[in-house]
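One structure is given below, encoded as structure tokens.
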Amino acid sequence: MAKTILIVEDDPNISELVQMYLEKEGYSTRVASDGGQGIDLFRQVRPDLVLLDINMPHLDGFGVLEVMRQRNWL
């Protein structure tokens, strides 16, 4: 079974490129375009790895990480 990687990135060009390369190497990927969606997908999927953009509008990567820690998901 392929390891799942969650990509949280607001720039679609970057997320598509990263997703393409990871899937080419055999990983399963899920993509979130903002911090809120990233939190929702993390809760649903429980990925093996999260690639988290720090500089996002509204809820940045540090905010996403803080929510994950507060909910004891890490």
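The values are calculated or read from the model by the stated rules, or taken from the named source; none is laboratory data. Because the structure is predicted, anything quoted here is derived from the model rather than measured. A quick note on method: Cβ atoms are made from the backbone with ideal geometry, for glycine too, and the neighbour counts reach across all protein chains shown. Keep in mind that these areas ignore ligands, DNA and RNA; they rest on the heavy atoms of the full protein, side chains included. Shrake-Rupley method; radii C 1.70, N 1.55, O 1.52, S 1.80 Å.
Amide H neighbours of Asp34 under 5 Å, counting only residues 5+ apart in sequence or on other chains, H built in-plane at 1.01 Å?
Those qualifying (amide H under 5 Å, at least 5 residues apart or on another chain) are Glu9.
Take each of the peptides 57-63, 29-35, 8-14, average the number of other beta-carbon atoms within 10 Å over its residues, and list them starting from the highest.
Per-residue mean Cβ counts within 10 Å order the peptides as 29-35, 8-14, 57-63.
Taking a 1.4 Å probe, which of Ser28, Ser15 shows the most accessible area, and what order do the others take after it?
Ser28, Ser15
Quick one: Cα convex hull volume of the chain, Å³ per residue?
Measuring per residue, one finds 71 Å³ for the Cα hull of the chain.
Residues of region 12-33 with the amide nitrogen closer than 16 Å to a label point 7 Å from the Cα of Arg71, along Cα-to-Cβ, please.
31-33
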